[in-house]
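Working notes for the structure below.
The values are calculated or read from the model by the stated rules, or taken from the named source; none is laboratory data. The shown structure was predicted, so the numbers you read here are calculated from the model rather than taken from an experiment. When we count neighbours, we look across all protein chains shown, and the Cβ atoms used for this are built from the backbone with ideal geometry, even at glycine. Just so you know, the surface numbers come from the protein's heavy atoms only, side chains and all, with ligands and any DNA or RNA stripped out. Shrake-Rupley method; radii C 1.70, N 1.55, O 1.52, S 1.80 Å.
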Amino acid sequence: MDEIHRLNPRTTTGAQTADLIKDLTERLPATFVYAGINVTDTPLFTGTRGAQLAGRATLITCGPLPVRHGTRQPFRDVITDIENNLDLQQHTPGTLPRHATYLHQRTAGRIGSLTRLIRQAAITAICDGTERITKAALDAVQLDHLTETHHRPTQDHTRSRTR
């Protein structure tokens, strides 16, 4: 269940939803995965219903996807998977994974920002008829406010990394 941080068990609707989640976890032989942002800063685990949810959940703090994890390159792997699903007629496979370091810095390792960046560059490539994604096309995409404000490489840094 995504966007769990929006659940507030102290409201009528939130209480009903929390009760439903509790009932489902008790009755269904399944593992439930809840995803949310800063859930400990929300009312999610407060009050009686929140305490019941907290008693049934194990909190796993996740950060941005790393460029490297041991010998693996999970961020590059995600980029490759996304690129393999592009349907751009003139796009050269392997182009995007070559920019993994830049893409990680540009998106702060956030998968949502990465997919928005590549999706917007692909839409632009379709609309302008180039049918391919280049680094210049990626540079032209404006991302979400958080990423643009805190993690956008400066022009000087971008130039020095592409030489």
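Quick notes on this structure:
- Looking across the stretch 29-61, the residues that are hydrophobic (A, V, I, L, M, F, W, C), open to solvent by 80 Å² or more (accessible area, probe 1.4 Å) and either farther than 22 Å from ARG119 by Cβ or in a helix (DSSP H, G or I) (or both) come down to VAL33, LEU59, ILE60.
- Verdict on THR80 being free of Cβ contacts under 8 Å to residues at least 24 places away in the same chain, closer than 25 Å to ILE126 by Cβ and not in a strand (DSSP E or B): yes
- Taking first residues from the stretch 53-76 that are aromatic (Phe, Trp, Tyr) and partners that are part of a helix (DSSP H, G or I), the Cβ contacts under 6 Å between residues at least 6 apart in sequence or on separate chains come to PHE75/ALA100; PHE75/HIS104.
- Test: residue in the stretch 118-141 that is under 30 Å from GLY14 (Cβ atoms) and surrounded by 13 or more Cβ atoms within 10 Å (Cβ to Cβ): no
- Any hit, the stretch 67-77, residues being open to solvent by less than 30 Å² (accessible area, probe 1.4 Å), part of a loop (DSSP other than H, G, I, E, B) and touching a Leu at 6+ places or on another chain (Cβ under 9 Å): no
- Any chance ARG6 is at pLDDT 90 or above and within 29 Å of LEU146 (Cα to Cα): yes
- Unique residue being at pLDDT 80 or above and either assigned to a helix (DSSP H, G or I) or closer than 25 Å to GLY63 by Cβ (or both) when the list is LEU114, LEU146: LEU114
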